[in-house]
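The values are calculated or read from the model by the stated rules, or taken from the named source; none is laboratory data. Since the model is a prediction, treat every value here as computed from it, not as a measurement. Glycine gets a Cβ as well: all are built from the backbone with ideal geometry, and neighbour counts include every protein chain shown.
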């Protein structure tokens, strides 16, 4: 896996405080969130970074943890300095807002919405990330005026108390099938119908989608067999053409030689969240921004050749 600034800050906070609860205070999140993030990081690395005391709440670094802490002391200040330098260049006179988020059909609309709704001068710079936790941290630190993340039922994001979060939409998931797949003839596919297929999944990140996916599949009565990991939708399509099945967000453009179908019963759905700091400049305009962001999401869904018929059908039913 790749370590990002968020991982390094987490390990540094635990190493400096020797306490998960005190690290949580330093990071501005809850103690269970720190414990969960540390566990996921250790699982991804395949090694323990800290030993938990039995008699006390103190934690001590393992040899691997010590190695990482020593490197963090040298590397993290340079990375944080680089971020500050980039921000200084991006916003030299305070005239350009900063917005960012994870991949979604809404992300590209944020700079224009900010230009229309916030006192932002010439608009906004856009920060595109694959790490929801990093986006949340940047909003909490007021390095981003607006953030856009996604989360999954049962695996919700840890949002600090200084940050306001509003649900934009519950976004359904589409399954991407080979054109000659037997289920391609159906308009809607049930997850359990794919129990015998091999899967291509996106690269793991801090959103915990892989945990959510495996948990959901087991609840449907099977253990999924993951054959490929893809870092973008084009790679997913290529893997599907070779015989696997994949997943897509609702606003999907489709692709030749694959069939994209809706998963039944909102299985594997995600929630898109808009974030802003409670004391930031966006707070005074949150209602208008939220309305524009929500409208942008539905516009993208209706423009999607794959999902538009499902949107139209839902509108007729309503």
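List of remarks:
- Selection status of residue 51, out of contact with any helix residue (DSSP H, G or I) (no Cβ under 8 Å at 6 or more places or on another chain), part of a helix (DSSP H, G or I), surrounded by fewer than 21 Cβ atoms within 10 Å (Cβ to Cβ) and without any contact (Cβ under 8 Å) to a residue 24 or more places away in the chain: no
- Number of positions in segment 140-161 that are within 27 Å of residue 231 (Cα to Cα) and in contact with a helix residue (DSSP H, G or I) (Cβ under 9 Å, 6 or more places away or on another chain): 15
- Set 110, 67, 76: member being at pLDDT 80 or above and under 23 Å from the mean Cα position of the chain (by Cα): 110
- Taking segment 162-180 as the range and being in a loop (DSSP other than H, G, I, E, B) and touching a helix residue (DSSP H, G or I) at 6+ places or on another chain (Cβ under 9 Å) as the test, the residues that pass are 162, 172, 173, 179.
- Restricting segment 114-147 to residues that are farther than 24 Å from residue 7 by Cβ and in a loop (DSSP other than H, G, I, E, B), the residue that is modelled with the lowest pLDDT: 121
- Members of segment 22-42 found to be touching a helix residue (DSSP H, G or I) at 6+ places or on another chain (Cβ under 7 Å) and under 20 Å from residue 62 (Cβ atoms), listed by number: 23, 34, 35, 37, 38, 41
- Scanning segment 34-46 for residues that are farther than 16 Å from residue 15 by Cα and without any contact (Cβ under 8 Å) to a residue 40 or more places away in the chain, we see that the one that is surrounded by the fewest Cβ atoms within 10 Å (Cβ to Cβ) is 46.
- Matching residues, segment 6-18, being at pLDDT 85 or above and either surrounded by 19 or more Cβ atoms within 10 Å (Cβ to Cβ) or closer than 21 Å to residue 141 by Cα (or both): 7, 8, 9, 10, 11, 12, 13, 14, 15, 16, 17
- For the criterion of being surrounded by 22 or more Cβ atoms within 10 Å (Cβ to Cβ), touching a strand residue (DSSP E or B) at 6+ places or on another chain (Cβ under 9 Å) and within 26 Å of residue 232 (Cβ to Cβ), residue 107 fails.
- Among the candidates 175, 170, the residue that is over 19 Å from residue 29 (Cα atoms), crowded, with 22+ Cβ neighbours inside 10 Å and modelled with pLDDT of 90 or more is uniquely 175.
- Taking the criterion of being within 9 Å of residue 259 (Cβ to Cβ) and out of contact with any strand residue (DSSP E or B) (no Cβ under 8 Å at 6 or more places or on another chain), the only residue of segment 181-210 that qualifies is 185.
- Given (1) touching a helix residue (DSSP H, G or I) at 6+ places or on another chain (Cβ under 9 Å); (2) under 24 Å from residue 36 (Cα atoms), index of the condition residue 183 fails: (2)
- Qualifying residues in segment 21-33 (those that are at pLDDT 85 or above and within 20 Å of residue 73 (Cβ to Cβ)) - the one surrounded by the most Cβ atoms within 10 Å (Cβ to Cβ): 23
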